[in-house]
1. Using a Förster distance of 25 Å, how high is the FRET efficiency between Arg39 and Asp17, based on the Cβ-Cβ distance and rounded to 0.05?
2. When ranked by the protection proxy of mean other Cβ atoms within 10 Å per residue, highest first, what sequence do the peptides 39-52, 64-77 form?
3. Fully extended, how many nm does the chain gain between Gln52 and Glu7 (0.36 nm per residue separation, minus their Cα-Cα distance)?
4. After finding the eigenvalues of the alpha carbon gyration tensor for segment 1-64, what semi-axes result from the square roots of 5 times each, listed largest first in whole Å?
5. Give me the net charge of Ile32's neighbourhood, meaning all other residues with Cβ under 13 Å from the Cβ of Ile32; Lys, Arg count +1, Asp, Glu -1.
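Read-outs: derived from the displayed coordinates by stated rules, not from any lab. This one's a predicted model, so the numbers in the text were calculated from it and none came from an experiment. Note: ideal-geometry Cβ built from the backbone for every residue, glycine included; neighbour counts use all protein chains shown.
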Amino acid sequence: MLLALGERAAGWSHGYDLCRSLDLKSGTVYPILIRLAERGMVETTWEQQAAQGRPARHLYRLSPAGAEFAAGLRATRNAASGKARSTVVAAPRPVAGTAGT
């Protein structure tokens, strides 16, 4: 969730957009957003100008602390994926004439 919000830089996101981009149900996304907001990782506000006939929606974005944490997660993930690529070992090739022995 933090990485998804981090991809939007300092921009605000609707919960519905996060549900779609992460392919998660609202019953999963909104409780996570609430917990992240309670922990100071996410800022929330109400949409200022809702479309006519539609109620205002909550908007979410990373707080400075959340952005810092997400950057650390991204760095850790990138380092781990780099290690995984560098440690891939090819399967040994059979020695000629020994196949099936």
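1. On the way: r = 21 Å, r/R0 = 0.86.
E(calc), rounded to 0.05, equals 0.70.
2. Top of the packing list down: 64-77, 39-52.
3. In short, 13.3 nm is gained.
4. 18, 14, 11
5. +2
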